[in-house]
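Asker: Can you keep this structure in mind? I'll have questions shortly.
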Amino acid sequence: MQQPRPLEGITVVSIEHAIAAPFCTRQLADLGARVIKVERPGTGDFARAYDTRARGMASHFVWVNRSKESLALDLKDPRDHAILLKLLDRADVFVQNLAPGAADRMGLSYEDLKARNSRLIVCDISGYGSDGPYRSKKAYDLLIQSEAGFLSVTGSESDPAKAGCSIADISAGMYAYSSILAAFIRRATSGEGCRIEVSMLECMVEWMSFPLYYAMDGAPAPVAAGASHASIYPYGPFRAGDDRIVMLGIQNEREWVKFCEKVLEDPELAHDVRFDTNSKRSAGREQLADIILDVFTLYTADELAARLEAADIANAVVRDMHQVWEHPQLKARNRWTSVDTPVGPMPALYPPALPAEFRPRMDKIPDVGEHNAAILAELGEVEHVG
């Protein structure tokens with residue numbers, strides 16, 4: 001028997017756009033929260049217009065906006081602004097990632113809202129935080145990846161590369177989500193809401209802690225190594241005899257010995273003084289790569305994958321997006337479902353890491369202002385707004 005979702009009865013109001021805040025609130029909706037997304041009348045969240053690749057809808061928007069209600073309000077209009085405040089008076093959470101200072105100018109600071117609703121949890125997401133010399137600086141995902149040093153350790157030394165997904169936005173959305181859950185626990189004992197401030201820069205710098213500590217006290221930083229690991233070797237892509245790529249990872253000396261004995265069929269290499277520690281293998285990676293490729297070119301990628309699997313060496317296939325849609329593991333675990341959208345049903349991946357006792361909420365992706373009439377009626381407002 002399915003139990004109630006843990007956030008049922010919780011109301012989240014969000015003035016959100018792009019990815020960071022919408023990803024946070026979508027995950028709250030997955031757990032059963034009611035999420036009311038306040039959008040500009042007509043155009044709505046500008047991420048709706050990023051592309052039309054998801055059957056006419058924007059791929060980013062489809063990803064992070066299911067199970068929400070859309071309320072179109074012109075917040076420069078005093079009537080609509082008053083409706084928003086009325087909604088916040090009865091809400092549990094307010095999330096916003098407006099331009100720096102915009103929420104404060106609209107009377108939506110934590111101090112203003114706390115005076116009206118002391119149980120309200122306010123989560124402000126920004127690029128650089130509310131103070132400091134960068135507080136007013138525009139912040140997009142690529143820019144934060146740059147400022148946090150992420151680009152310095154990706155790609156190659158001559159050609160830095162960003163992550164292929166919105167990793168800075170994702171990190172901020174995840175910290176906002178987990179911090180709001182923690183705030184619920186605190187409120188259950190204190191009865192009081194709180195303010196949560198999430199800086200995209202700080203989230204990404206936290207995720208960069210390994211390369212930061214690696215380069216501590218002026219030590220050389222990790223070298224950008226493409227899909228290879230900057231400090232562990234062999235770890236990354238290797239080309240097989242059929243010109244396909246095999247990914248593998250050696251994490252310790254035991255695996256290195258098995259790799260030499262069972263995959264390369266060269267037991268003596270395991271104890272070669274040039275490569276008998278990870279540090280030596282990493283430093284001599286070009287010479288070692290030649291030795292590995294001399295063997296790998298004798299086999300197809302499938303044959304190498306089988307040899308690696310038989311030796312219990314970590315390995316993977318480099319899949320493109322079409323192959324991920326058809327991933328056999330996801331299919332075997334029934335991880336795909338569908339959600340309704342303004343253009344019809346759309347496939348959606350169930351959220352990870354949810355207990356078996358309840359099913360995640362997987363409701364419709366809303367059209368702009370789709371829920372105006374219902375929400376206004378709840379508030380005792382009869383005039384159409386937006």
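The numbers here are math on the coordinates, done by the rules we state, and not lab data. None of these values were measured; they are calculated from a predicted model. A quick note on method: Cβ atoms are made from the backbone with ideal geometry, for glycine too, and the neighbour counts reach across all protein chains shown.
Asker: Using +1 at the Cβ of each Lys and Arg and -1 at the Cβ of each Asp and Glu in the chain, identify which of THR52, PRO22, PHE358 lies farthest towards the dipole's positive end.
Answerer: So the residue furthest toward the plus end is PHE358.
Asker: A further question follows. Taking the dipole about the Cα centre of the stretch 169-277, with the C-beta of Lys and Arg at +1 and of Asp and Glu at -1, give me whichever of TRP256, LEU212, MET200 is farthest to the positive side.
Answerer: MET200
Asker: On to the next question. Which order do the peptides 303-315, 225-237 take when ranked by the mean count of other beta-carbon atoms within 10 Å per residue, highest first?
Answerer: Taking the mean over residues of other Cβ atoms within 10 Å, the ranking is 225-237, 303-315.
Asker: For Cα Rg over 2.2 N^0.38 Å, the listed values are (i) 1.19; (ii) 1.05; (iii) 1.27; which was obtained by calculation from the structure presented?
Answerer: (i)
Asker: Next question, about the same structure. Of ALA163, LEU142, LEU120, which is farthest along the charge dipole of the stretch 120-175 in the positive direction, counting Lys and Arg as +1 and Asp and Glu as -1 at C-beta?
Answerer: It is LEU120.
Asker: With charges only on Cβ, +1 for K and R and -1 for D and E, what is the dipole size of the chain about its Cα centre, in debye, rounded to 20?
Answerer: Approximately 1080 debye in magnitude.
Asker: Let me ask another. Gain in length, ASP242 to ASP320, computed as 0.36 nm per residue apart minus the alpha-carbon separation, to one decimal in nm?
Answerer: Numbers: separation 78, 0.36 × 78 = 28.08 nm, distance 1.79 nm.
Length difference between fully extended and current span is 26.3 nm.
Asker: Another one. Using Cα atoms only, what is the angle between the long axis of helix 78-89 and the major principal axis of the chain, expressed in degrees (0 to 90) to the nearest 10?
Answerer: On a 0 to 90 degree scale, this one is about 70.
Asker: Given points 7 Å out from each Cα along the Cα-Cβ axis, report the ALA115 to GLU197 separation in nanometres with one decimal.
Answerer: Inter-label distance under the simple model: 2.0 nm.
Asker: Also, I was wondering about something else. Counting helices only, and only those DSSP H runs with n ≥ 4, report the 222 nm mean residue ellipticity of the chain as the sum of -39,500 (n - 2.57) divided by its residues, in deg cm²/dmol to the nearest 500.
Answerer: -9500 deg cm²/dmol
Asker: May I pose another question? Just to be sure I understand: with springs between alpha-carbon atoms less than 10 Å apart, which residue in ASP276, ASP30, ASP80 has the highest mean-square fluctuation in the Gaussian network model of the chain?
Answerer: Residue with maximal mean-square fluctuation among ASP276, ASP30, ASP80: ASP276.
Asker: Which FRET efficiency value, to the nearest 0.05, is calculated for GLU303 and SER59 with the Förster distance at 35 angstrom and r the Cβ-Cβ distance?
Answerer: Working: r = 36 Å, r/R0 = 1.03.
My answer for the efficiency is 0.45.
Asker: Still on this structure, I have one more. I need the peptides 85-98, 343-356 ranked by packing, meaning the mean over residues of other C-beta atoms within 10 angstrom, with the highest value on top.
Answerer: Highest mean packing first, the order is 85-98, 343-356.
Asker: At what distance in angstrom do the alpha carbon centres of the stretch 13-77 and the stretch 124-188 lie from each other?
Answerer: 19
Asker: Return the FRET efficiency for the residue pair ALA188, THR277: r is the Cβ-Cβ distance, R0 is 56 Å, and the value is rounded to the nearest 0.05. The partial results should precede the final answer.
Answerer: Working: r = 51 Å, r/R0 = 0.91.
Approximately 0.65, to the nearest 0.05.
Asker: Separate question: Please give the net charge around MET208, taking every other residue with its beta carbon less than 12 angstrom from that of MET208, where Lys and Arg add +1 and Asp and Glu add -1.
Answerer: Net charge in that neighbourhood comes out at -3.
Asker: Starting at the first residue of the stretch 346-355, write each ³J(HN,Hα) from the Karplus equation 6.51 cos²θ - 1.76 cosθ + 1.60 with θ = phi - 60°, in whole Hz, x for Gly and Pro.
Answerer: For the stretch 346-355, the Karplus curve yields 9, x, 8, 7, 4, x, x, 6, 9, x Hz.
Asker: Across the chain, how many lysine pairs, 8 or more apart or on two chains, come within less than 16 Å at their alpha-carbon atoms?
Answerer: Taking the Cα cut-off of 16 Å, the pair count is 6.
Asker: Could you check which residue among ALA102, ALA224, ALA139 shows the biggest mean-square fluctuation in a GNM of the chain with a 10 Å Cα cutoff?
Answerer: Comparing ALA102, ALA224, ALA139 in a Gaussian network model of the chain, the most mobile one is ALA102.
Asker: If you line up the long axis of helix 285-296 against the longest principal axis of the chain, both from Cα atoms, how many degrees apart are they, to the nearest 10?
Answerer: With both axes taken from Cα atoms, the answer is about 80 degrees.
Asker: Still on this model: Label-point separation (nm) for ALA215 and ASN252, each offset 7 Å from Cα along Cα-to-Cβ?
Answerer: Simple spin-label model gives 3.0 nm for this pair.
Asker: If you put +1 on each Lys and Arg Cβ and -1 on each Asp and Glu Cβ, how big is the dipole of the stretch 1-72 around its Cα centre, in Debye rounded to 20?
Answerer: 160
Asker: Once both labels are modelled 7 Å past Cα along the beta-carbon direction, what's the ARG359-ASP51 spacing in nm?
Answerer: Roughly 3.1 nm, to one decimal.
Asker: Further question: Between SER136 and GLU265, how high is the FRET efficiency from 1/(1 + (r/R0)^6) when r is the Cβ-Cβ distance and R₀ = 51 Å? Nearest 0.05.
Answerer: Numbers: r = 61 Å, r/R0 = 1.20.
So, using R0 = 51 Å, E works out to roughly 0.25.
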